[in-house]
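> Let me begin by handing over the structure; questions about it come next.
The values are calculated or read from the model by the stated rules, or taken from the named source; none is laboratory data. Just so it is clear, the model here is predicted, and its values are computed rather than measured. Note: ideal-geometry Cβ built from the backbone for every residue, glycine included; neighbour counts use all protein chains shown. Side chains included, ligands, DNA and RNA excluded: accessible areas come from the protein's heavy atoms. Shrake-Rupley method; radii C 1.70, N 1.55, O 1.52, S 1.80 Å.
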Amino acid sequence: MTTTAGSAERLPPALRTEALEQLLTERGLIDPKAMNGLITTYETNIGPLNGAKVVARAWTDPEYRRRLLEDGTAAIDELGFGGFQGEHIVVVENTATSHNVVVCTLCSCYPWPVLGLPPSWYKDPAYRARVVKEPRAVLSEMGLELADDVRITVHDSTSEVRWLVLPEQPPGTEHLTEEELVPLVTRDAMVGVAKVAAP
Amino acid sequence: MDGIADMGGAPGWGSVHPPRQDEPVFSQPWEGRAFALAILSNRASGGNLDSFRHALERLDRAHYIDDGYYGRWLNAGELRLLDSAVLAPGAVDARARNLRGEHVEEPPVPEPAKPDYAPTADGTLRCLATAPAFAVGERVRARDMSPAGHTRLPRYVRGRIGVVDIIQPAGVLPDSNAHFLGENPQYVYSVRFDSHDMWGADAEPFELTVDMFESYLETPS
């Protein structure tokens, strides 16, 4: 099996990160500005707030919702989101009787333009291994109990297709505006491991 | 290839962890640097998205698991640089030791051997002049294959029969693109499986979609 190891002792990844950065920088192989740009982009600029805006728009604009479910990529692009790890986004709708949940069993593919980088639970081997085999048990461990008559569909992201869940709008929020709905929408609901709660 | 990265259905991983709402994107500063370094290292190695994923799946258990998610990315980025001889074996460890005050000799910079590779277009989606081989609603079987190189066909789905749910846009085939053997673009099919066909009569009732390139599929006999 190929590894990167040269020595028996395993050096801490923080130290090895610093070493690799130094080696590449001193040879001019990486641009420190590009490096910092990537970190800032995904630490600060691109995150689940983007997806929440898409969901809130869909909840308040039936025409947009129709377009979103028909061609997710194009509808999401209307709000200015798209690009790397989001070339083709399919949106699936959760209802009272149908529940979708997303995983990547092979790595941790995730719709970056609308949700940012994946949270630790999504990258956890236990989630990746088990949600395709016993989703109801996994969702229950994560705090989501679904009634027996709810039909579950698990989507394994094994190609460049990215999946986004349109959560069910919580009852009693119909009078709220799009702007008021945005902060209610959580990352976890847009992956399908939680529901959106009313405020 | 069959490796630790292919986790679907694998037993022994224990309980899942409930989500935390206050989790930072990078739990420590080095993770953000490792994330960016991995992307830039793969680029500096002359690689593509698929060659990076193949590097991830070539890691052994310790390099895949023990350093965490971004440690895994760092290790895959380093492996890409070794593949292309941008770095010499042991170069990172030697520099790391020197950074913590040891005095070890660093290996000389090798003669790079980057792949002869350039994408035909941006991104991974491609337009095909041909029609899809399978239709929505058609029964298909995932081929029972275990290639030595990269693949995005998970083990748990091999040999199983499902129904084409959605025909997705065509994209470059990871199996050849990861090895710089051509883009070989193909249609992608979201195939819907019944949990009982996948996991047996005692399985929880649910459905599962897996996105598969055309050459991963065949017509059941």
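> Test each condition in (1) under 18 Å from the mean Cα position of the chain (by Cα); (2) surrounded by 14 or more Cβ atoms within 10 Å (Cβ to Cβ) for B:Ala148 and report the one that comes out false.
It fails just one condition, (2).
> In this structure, does A:Ala5 turn out to be surrounded by fewer than 22 Cβ atoms within 10 Å (Cβ to Cβ), small (Gly, Ala, Ser) and at pLDDT below 95?
Judged against the criteria, A:Ala5 is a match.
> Just to check your reading of the model, which residue among A:Thr41, A:Thr73 is of a type in the set (Ser, Thr, Tyr), surrounded by fewer than 17 Cβ atoms within 10 Å (Cβ to Cβ) and modelled with pLDDT of 95 or more?
Only one candidate qualifies: A:Thr41.
> Separate question: Is it true that B:Asp202 is at pLDDT 95 or above and surrounded by 14 or more Cβ atoms within 10 Å (Cβ to Cβ)?
no
> I'm told B:Glu105 meets every condition in (1) surrounded by fewer than 16 Cβ atoms within 10 Å (Cβ to Cβ); (2) facing another protein chain (nearest Cβ under 8 Å) except one. Can you identify the failing condition by its number?
(2)
> Next up: For the range A:139-150, name all the residues that are of a type in the set (Gly, Ala, Ser), more than 7 Å from every other protein chain (Cβ to nearest Cβ) and more than 9 Å from A:Thr97 (Cα to Cα).
Of everything in the range A:139-150, just one residue is of a type in the set (Gly, Ala, Ser), more than 7 Å from every other protein chain (Cβ to nearest Cβ) and more than 9 Å from A:Thr97 (Cα to Cα), namely A:Ser140.
> Follow-up. So, in the range B:16-38, exactly how many residues are under 19 Å from A:Glu26 (Cβ atoms) and either more than 8 Å from chain A (Cβ to nearest Cβ) or open to solvent by 10 Å² or more (accessible area, probe 1.4 Å) (or both)?
The total comes to 3.
> Further question on the same structure: Is it the case that some residue within the range A:151-171 is more than 9 Å from chain B (Cβ to nearest Cβ), out of contact with any helix residue (DSSP H, G or I) (no Cβ under 9 Å at 6 or more places or on another chain) and either more than 16 Å from A:Val193 (Cβ to Cβ) or not in a helix (DSSP H, G or I) (or both)?
Checked against the condition, which is being more than 9 Å from chain B (Cβ to nearest Cβ), out of contact with any helix residue (DSSP H, G or I) (no Cβ under 9 Å at 6 or more places or on another chain) and either more than 16 Å from A:Val193 (Cβ to Cβ) or not in a helix (DSSP H, G or I) (or both), the range A:151-171 yields at least one hit.
> Could you run through the range B:39-63 and say how many residues are without any contact (Cβ under 8 Å) to a residue 60 or more places away in the chain and facing chain A (nearest Cβ under 8 Å)?
Result for the range B:39-63: 10.
A quick yes/no check of all residues on (1) over 17 Å from A:Pro118 (Cβ atoms); (2) touching a Pro at 6+ places or on another chain (Cβ under 8 Å); (3) not assigned by TED's automatic domain parsing to the domain that holds B:Asp144:
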position	(1), (2), (3)
B:Ser15	yes, no, yes
B:Arg20	no, yes, yes
B:Pro24	no, no, yes
B:Leu40	yes, no, yes
B:Ala44	yes, no, yes
B:Ala55	yes, no, yes
B:Leu82	yes, yes, yes
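> Of the conditions (1) open to solvent by 10 Å² or more (accessible area, probe 1.4 Å); (2) outside any loop (DSSP other than H, G, I, E, B), A:Leu68 clears all except one; give me its number.
For A:Leu68, the failing item is (1).
> Looking at this structure, is A:Trp121 among the aromatic types (Phe, Trp, Tyr), in contact (Cβ under 8 Å) with a residue 60 or more places away in the chain and open to solvent by less than 20 Å² (accessible area, probe 1.4 Å)?
yes
> Which one is farthest from A:Ser98 (Cα to Cα) among residues in the range B:205-219 that are of a type outside the set (A, V, I, L, M, F, W, C) and open to solvent by less than 20 Å² (accessible area, probe 1.4 Å)?
Among residues in the range B:205-219 that are of a type outside the set (A, V, I, L, M, F, W, C) and open to solvent by less than 20 Å² (accessible area, probe 1.4 Å), the one farthest from A:Ser98 (Cα to Cα) is B:Tyr216.
> Then there's this: For residues that are assigned to a helix (DSSP H, G or I) and either without any contact (Cβ under 8 Å) to a residue 24 or more places away in the chain or under 15 Å from the mean Cα position of the chain (by Cα) (or both), scanning just the range B:151-195, find the one that is farthest from A:Cys109 (Cα to Cα).
Filtering the range B:151-195 for residues that are assigned to a helix (DSSP H, G or I) and either without any contact (Cβ under 8 Å) to a residue 24 or more places away in the chain or under 15 Å from the mean Cα position of the chain (by Cα) (or both), the one farthest from A:Cys109 (Cα to Cα) comes out as B:Ser195.
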